[in-house]
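Visitor: This structure is in structure tokens; I'll ask about it shortly.
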Amino acid sequence: EVQLVESGGGFVQPGSSLKVSCVASGFTFSSFVIHWFRQAPENGIEWLAYINTDSSSALYAETVKGRFTISRDNAKHTVDMQLSSLRSEDTAMYFCARETGGVGFAYWGQGTLVTVSS
Amino acid sequence: DIVMTQGALPNPVPSGQSASITCQSSKSLLHRNGKTYLNWYLQRPGQSPQFLIYWMSTRASGVSDRFSGSGSGTDFTLKISSVEAEDVGIYYCQQFLEYPLTFGSGTKLEIK
């Protein structure tokens with residue numbers, strides 16, 4: 001069974017940093033591109049970043065470029081995203097998802113909540 | 001960025017009736033390969049999004065045939081025939097033609 005499990009969320013102050021992680025199981029992890037999304041309370045879904053299978057390519061949304069960094073460890077089946085210079089508007093549930101061949105996202109984690117507040 | 005705009009539903013929808021959700025994109029999602037890169041998802045309360053439709057009209061694995069997608073390059077419709085209680089949630093369209101990937105703001109479905 002394909003599973004994606006996020007962790008690392010928490011309550012942090014503006015300007016601080018946090019790392020959220022996504023651990024995968026049930027599939028050949030090194031063969032799939034992984035993306036991060038977020039969803040602010042009562043809001044829609046925002047794409048944040050992706051990392052390709054061998055970490056040679058990553059892309060970010062403009063809203064997080066330069067502040068967030070995505071990375072993966074194929075040996076540990078994990079994708080991390082380092083969140084820096086956090087702002088109140090970064091408060092959201094953060095989800096990782098497995099891309100299905102440039103088509104869509106059939107598998108999502110349950111999310112990890114990041115709250116940025118003073 | 002491609003802007004995705006979704007329409008509202010006349011909630012609540014009576015159980016057993018059909019419901020159609022609309023979505024418009026600010027740019028044609030028709031790729032030169034002939035496929036239209038428009039996806040639909042359902043997010044039930046408290047859950048992660050569920051993949052429903054890709055390439056505008058192809059149902060994802062395990063999705064009920066009560067769900068069907070149609071449209072053109074910029075105007076799309078998700079039809080749910082005979083809505084059931086388990087269909088309650090927020091429906092999102094999403095384009096996968098180019099980055100940044102973008103979603104519509106969501107359409108809420110309530111059942112009577």
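Laboratory data are not the source of any read-out in this text; all were calculated from the coordinates shown. All values reported here derive from a predicted model rather than from experimental measurement. Don't worry about glycine lacking a Cβ; one is built from the backbone with ideal geometry, like all the others, and counts go over all protein chains shown.
Visitor: For chain A, set up a Gaussian network in which alpha carbons nearer than 10 Å are linked by springs, and say which option among A:43, A:74, A:52 fluctuates the most.
Guide: With Cα springs under 10 Å in chain A, the top fluctuation among A:43, A:74, A:52 is at A:43.
Visitor: Also, I was wondering about something else. Residue-wise, which Karplus ³J(HN,Hα) couplings in Hz belong to segment B:6-15, taking 6.51 cos²θ - 1.76 cosθ + 1.60, θ = phi - 60°, and x for glycine or proline?
Guide: Residue by residue, segment B:6-15 yields 10, x, 9, 9, x, 6, x, 8, x, 4 Hz.
Visitor: Using the Cα centre of the protein assembly as shown as origin and beta-carbon charges of +1 (Lys, Arg) and -1 (Asp, Glu), tell me which of B:91, B:38, B:28 is placed farthest towards the positive end of the dipole.
Guide: The Cα lying farthest towards the positive end belongs to B:28.
Visitor: If you don't mind, another one. Under the rule a/c < 1.5 gives rounded, and otherwise a/b versus b/c splits prolate from oblate, where does segment B:1-86 land using the Cα gyration tensor?
Guide: In terms of gyration-tensor shape, prolate.
Visitor: Now, a different point. Which lysines have a Cα lying under 17 Å from the Cα of residue A:76, excluding residues fewer than 8 positions away in the same chain?
Guide: A:19
Visitor: Run down the lysines and flag those whose C-alpha is under 20 Å from the C-alpha of residue B:27, throwing out any fewer than 8 positions away in its chain.
Guide: The reachable lysines, counting only those whose Cα sits under 20 Å from residue B:27, are B:35.
Visitor: While we're looking at this one, here's another question. In chain B, what % of DSSP beta bridges are antiparallel (nearest 5)? Let's see the in-between values first.
Guide: Working: 31 of 32 bridges.
Antiparallel bridges: around 95 percent, rounded to the nearest 5.
Visitor: Related question: Mind grabbing the base-10 log of I(q)/I(0) for the protein assembly as shown at q = 0.07, 0.18 Å⁻¹? Debye formula, identical points on the C-alpha positions, no solvent, two decimal places.
Guide: Evaluating at q = 0.07, 0.18 Å⁻¹ gives log10 I(q)/I(0) of -0.22, -1.35.
Visitor: Among A:53, A:100, A:78, whose mean-square fluctuation peaks in a Gaussian network model of chain A (Cα, cutoff 10 Å)?
Guide: Sorting by GNM fluctuation, first place goes to A:100.
Visitor: So, one more: If the only charges are +1 at each Lys and Arg Cβ and -1 at each Asp and Glu Cβ, what is the size of the charge dipole of the protein assembly as shown around the Cα centre, to the nearest 20 debye? Intermediate values should be presented prior to the final figure.
Guide: Details: 17 positive and 19 negative charges, 40 e Å.
That gives a dipole near 200 debye.
Visitor: If you don't mind, another one. Out of B:89, B:62, B:73, any idea which swings most in a Gaussian network model of chain B, alpha carbons joined below 10 Å?
Guide: Highest fluctuation among the options: B:62.
Visitor: So what is log10(I(q)/I(0)) for segment A:1-100 at q = 0.25 1/Å, when the Debye sum runs over its Cα atoms only?
Guide: -1.46
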